[in-house]
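The values are calculated or read from the model by the stated rules, or taken from the named source; none is laboratory data. Please read these numbers as outputs of a predicted model, since none were measured by experiment. So basically every Cβ, Gly included, is an ideal-geometry build from the backbone, and we count neighbours across all protein chains shown. Protein only, heavy atoms only, side chains kept; ligands, DNA and RNA dropped before computing areas. Shrake-Rupley method; radii C 1.70, N 1.55, O 1.52, S 1.80 Å.
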Amino acid sequence: MADKETLVTEEGLKKLKDELEYLITVKRPEVVEKIKIARSYGDLSENSEYDAARDEQAFVESRIQQLQKMIHNAKIIDASKEEEDVVTVGKTVVLQELPDGETEEYTIVGRTEADPAAGKISNDSPMAKGLLGRKVGEVVTIHTPGGDIEVKILEVRV
């Protein structure tokens, strides 16, 4: 089965590469040193420092593999090549909840860059799925786990 492509912005790809570089050049050697020190304490069967260092090593190596896979399968999002008033991945959308009129703003990104607290939602989220392909001025019903909500798209920008 083919690996799923990782949708990222240029900035998101840089963050993935920076994290990978940090893990390989800084974190991996630190963990190797921790293991070396823990081994010097003697009996490994009752050595909690050794067990903790090995667990940390497993986590770091797993994350390195995950990042390498994501970078290899990265597809750069270039929203500037899309129609201006259409909601696509990489664009910011301003919408108004109906009927209460509350305004919200989201940037739709790939799942690796999603950060709802910062207003970045995954293209796999129910909100994004309901908005993708829609245009400014449209009223859309979004099906969410909390129930359906109706929104009007006020603005779309890169």
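Worth pointing out:
- Pair SER45, ALA117: separation of 7 Å Cα→Cβ label points (nm): 4.5 nm
- Distance from the stretch 66-103 to the stretch 117-158 (C-alpha centre basis), Å: 10 Å
- In this structure, ARG157 and HIS72 have a Cβ-Cβ separation that, at R0 = 25 Å, corresponds to a calculated FRET efficiency of about 0.20.
- Heavy-atom accessible area per residue - the chain, 1.4 Å, Å²: 62 Å²
- For the pair GLU21 and LYS36 in one chain, pulling the backbone fully straight at 0.36 nm per residue adds 3.2 nm over the alpha carbon distance.
- Cross-link pairs LYS69/LYS120; LYS4/LYS34; LYS69/LYS135; LYS17/LYS91; LYS14/LYS91; LYS15/LYS135 - those with Cα-Cα distance over 26 Å: LYS4/LYS34; LYS69/LYS135; LYS15/LYS135
- Average Cα contact separation per residue, the chain, under 8 Å, 6 or more apart, as relative contact order %: 23 percent
- Oblate is the label for the stretch 51-108, because the ratio a/c of its alpha-carbon gyration tensor axes (a ≥ b ≥ c) is 1.5 or higher and a/b is not greater than b/c.
- Rounded to the nearest 10 degrees, the inclination of helix 48-72 to the longest alpha-carbon principal axis of the chain is 40 degrees.
- Counting protein heavy atoms only, the chain has 50 percent of its accessible area on carbon and sulfur, 1.4 angstrom probe.
- Taking each DSSP H run with n ≥ 4 as -39500 (n - 2.57) and averaging over every residue of the chain yields -11500 deg cm²/dmol at 222 nm.
- Projected label distance in nm at GLU11 and GLU105, using a 7 Å step from Cα toward the beta-carbon: 1.2 nm
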